[in-house]
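Working notes for the structure below.
Rule-based calculations on the coordinates, nothing more; no lab input. Quantities reported herein were computed from a predicted structural model and do not represent experimental measurements. Positions of Cβ are generated from backbone atoms using ideal geometry, with glycine treated the same way; all protein chains shown enter the neighbour counts.
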Ligand SMILES: Nc1ncnc2c1ncn2[C@@H]1O[C@H](COP(=O)(O)OP(=O)(O)OP(=O)(O)O)[C@@H](O)[C@H]1O
Ligand SMILES: [Mg+2]
């Protein structure tokens with residue numbers, strides 16, 4: 001469904017700050033894949049998602065969404081296929097707008113016309129959608145989103161993204177900024193939504209346990225390359241120890257401790 | 001006297017609503033306003049004296065303001081120029097254009113011609129002209145306010161509301177942020193020009209220097225309004241702007257009236273306005289630093 005072909009991303013080319021974040025990377029995301037992505041800091045995970053979503057354009061290489069070359073298509077146009085959630089819970093919603101306004105913006109992707117579509121029927125739909133979150137948000141449609149806690153806000157972002165039925169869901173450490181309890185709640189919702197709506201998803205995480213337990217496919221990145229790509233049964237049988245061992249085999253790098261390597 | 005201040009404030013409020021859209025909603029500090037205010041005045045004056053008519057003139061004034069705002073937004077979008085600089089560029093160019101519109105003169109009088117204001121006063125018959133004008137301006141500015149509120153309830157308006165707050169979110173929802181900026185800055189300057197057009201008819205002339213420093217005055221009005229009450233409803237926010245504009249005009253009136261005793265001259269009012277904005281910023285800042293009641297779960301209050 002999504003094909004990356006020999007993608008290279010060089011930041012600040014030709015300067016002292018030149019930095020190759022993605023190195024000749026090719027991969028295919030199949031429909032229905034739920035891919036977890038791990039790798040040390042600066043491995044290029046976020047850059048990979050940025051390239052897919054279109055917030056940066058590749059220095060070299062192509063990206064195709066459903067066969068269409070979108071390498072130079074601006075982010076807002078690709079957004080009709082892609083739902084993206086960031087680490088920062090404030091990035092997915094407008095804090096100064098009410099819950100219902102936020103949900104209304106996300107209800108349908110694309111250009112917004114002069115229609116007043118936020119009516120009683122819409123509000124009912126929003127309330128019903130909010131109930132499964134079990135956060136009491138269904139009675140707070142008129143509250144500004146800025147009043148919500150980080151966990152509530154991220155859960156809301158997740159819900160709004162899922163409701164817009166993206167072809168591909170991109171999650172960039174979307175629970176990393178939350179306290180452990182909220183992180184667990186949002187992660188559980190993620191699991192639930194992805195299976196319920198049969199979404200295709202990529203999820204970056206620094207938690208190797210989550211990366212192993214969730215999804216059907218796992219990517220390990222290092223130095224702007226995918227160094228390990230497992231799926232199916234092979235992935236089911238992974239353990240944290242095996243993964244760390246694998247990394248050493250592949251890169252034969254020395255790190256102070258294994259924890260420094262992948263988990264944060 | 002009170003009626004005069006109110007009428008002044010209500011005309012001024014149209015401009016302040018424009019400033020509110022750019023500074024508060026879009027987070028696009030736009031200085032085009034200093035030029036587009038006079039553009040509105042010049043366009044309506046020349047339309048009326050040239051025989052085009054009052055209402056086509058007002059429409060044209062709004063559209064020329066919107067065009068000026070569009071230029072600023074496009075400069076910012078295409079050339080990746082900071083919004084402040086883009087506004088200053090357009091404002092500077094507008095100064096020349098405004099004089100061109102006024103037929104190469106720095107000011108043109110609207111004497112012995114029918115204007116919207118003179119018509120309204122005639123319509124009032126034996127009612128005192130200040131009262132008629134006040135009623136008319138309440139209806140005029142009130143209608144524009146209601147239209148604006150309606151716009152901010154549409155899908156487009158709500159999305160515009162998210163722009164200044166979280167541009168990434170707007171992009172993620174498949175909306176081109178550049179288009180939204182053109183729309184917002186255009187609409188803002190359309191209102192500003194309309195305000196200038198009303199002022200020209202009220203005072204009976206258009207002047208190329210009419211808008212100098214007006215953006216700071218508009219900002220002062222917006223900030224004064226924000227002290228009055230708190231709300232997250234657009235209808236309340238635009239009402240704040242109108243009240244703020246009237247309050248500002250009242251303060252300036254008293255500055256002029258009583259300032260005389262402490263040797264203030266009309267030319268000191270810009271200094272006063274600047275100090276007013278600075279004071280508002282200081283107060284707003286100290287308020288923000290105060291710990292707010294953390295309202296977590298279950299709180300049903302609107303901030
Ligand atoms: N906009 C940018 N300009 C310059 N360099 C960048 C930019 N974005 C990323 N980089 C660089 O690209 C490399 C990969 O960064 P990236 O953010 O993709 O890493 P990551 O795998 O997401 O790391 P982390 O786990 O810390 O989030 C880093 O060296 C980073 O400094
Ligand atoms: Mg990252």
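What average number of partner chain Cβ atoms lie no more than 10 Å from the Cβ of the residues making up A:155-166?
Numbers: counts 0, 0, 2, 0, 0, 3, 2, 0, 0, 3, 0, 1.
Mean number of neighbouring Cβ atoms from other chains: 1.
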Inter-centroid distance (Cα atoms) of region A:95-147 relative to region B:1-68, Å: 34
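I need B:149, A:222, B:268 ordered by Cβ neighbour count within 10 Å, fewest first. Numbers along the way, then the final one.
Numbers: B:149 17, A:222 20, B:268 14.
Fewest to most other Cβ atoms nearby, the residues stand as B:268, B:149, A:222.
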Average partner coverage of A:68-76, which counts Cβ from other chains inside 10 Å: 2
Choice from A:195, A:117, A:53 showing the highest fluctuation, given a GNM over chain A with Cα pairs closer than 10 Å: A:117
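Can you sort B:46, B:198 so the residue with the fewest Cβ neighbours within 10 Å comes first?
Values: B:46 20, B:198 27.
In increasing order of surrounding Cβ atoms, one gets B:46, B:198.
Which of B:248, B:260, B:95 has the fewest other C-beta atoms within 10 Å, and how do the rest follow up to the most?
B:260, B:95, B:248
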Enclosed volume per residue, in Å³, of the convex hull spanned by Cα atoms of region B:99-223: 139
Whole-Å distance, taken between Cα centres, linking region B:69-143 and region A:1-63: 51
Cα-based helix-to-principal-axis angle, B:129-151 vs chain B, degrees rounded to 10: 30
Relative contact order computed over region A:180-249 (Cα-Cα under 8 Å; 6+ residues apart), in percent: 21
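Counting only C-alpha contacts under 8 Å and six or more residues apart, can you give the relative contact order of region B:23-85 as a whole percent?
On the way: 46 pairs, mean separation 23.5, N = 63.
Across region B:23-85, relative contact order equals 37 percent.
Taking the square root of 5 times each eigenvalue of the Cα gyration tensor, what semi-axes in Å does the equivalent ellipsoid of chain A have, largest first? All intermediate terms of the calculation are to be shown ahead of the outcome.
Numbers: eigenvalues 213, 98, 56 Å².
The equivalent ellipsoid of chain A has semi-axes of 33, 22, 17 Å.
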Hull volume in cubic angstrom per residue (convex hull over the Cα atoms of region A:1-129): 167
C-alpha long axis of helix B:214-228 to longest principal axis of chain B, angle in °: 50
Rounded tilt (10° steps) of B:83-101 against the dominant C-alpha axis of chain B: 10
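Over chain A, what is the relative contact order in percent, taking alpha-carbon pairs closer than 8 angstrom and at least six residues apart? Could you put the intermediate results ahead of the total?
Working: 462 pairs, mean separation 67.9, N = 264.
Worked out over chain A, it gives 26 percent.
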Distance from region B:203-224 to region A:174-242 (C-alpha centre basis), Å: 57
Pairwise Cα inverse-distance average, inverted: Kirkwood Rh of region A:136-261 (Å): 16.5
Value of [θ]222 nm, deg cm²/dmol, for the protein assembly as shown, DSSP H segments ≥ 4, -39500 (n - 2.57) each, nearest 500: -17500 deg cm²/dmol
Reciprocal mean inverse distance between Cα atoms of region B:2-288 - Kirkwood radius, Å: 19.2
Shielding of B:174-183 by partner chains, average beta-carbon count, 10 Å: 4
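Based only on Cα atoms, what Rg/Rh ratio does the protein assembly as shown have, Rh being taken as Kirkwood's radius? Working shown, then result.
Values: Rg = 28.3 Å, Rh = 26.5 Å.
Ratio value, two decimals: 1.07.
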Ratio Rg/Rh, restricted to region B:19-60 and using Cα atoms, in which Rh is the Kirkwood radius: 1.17
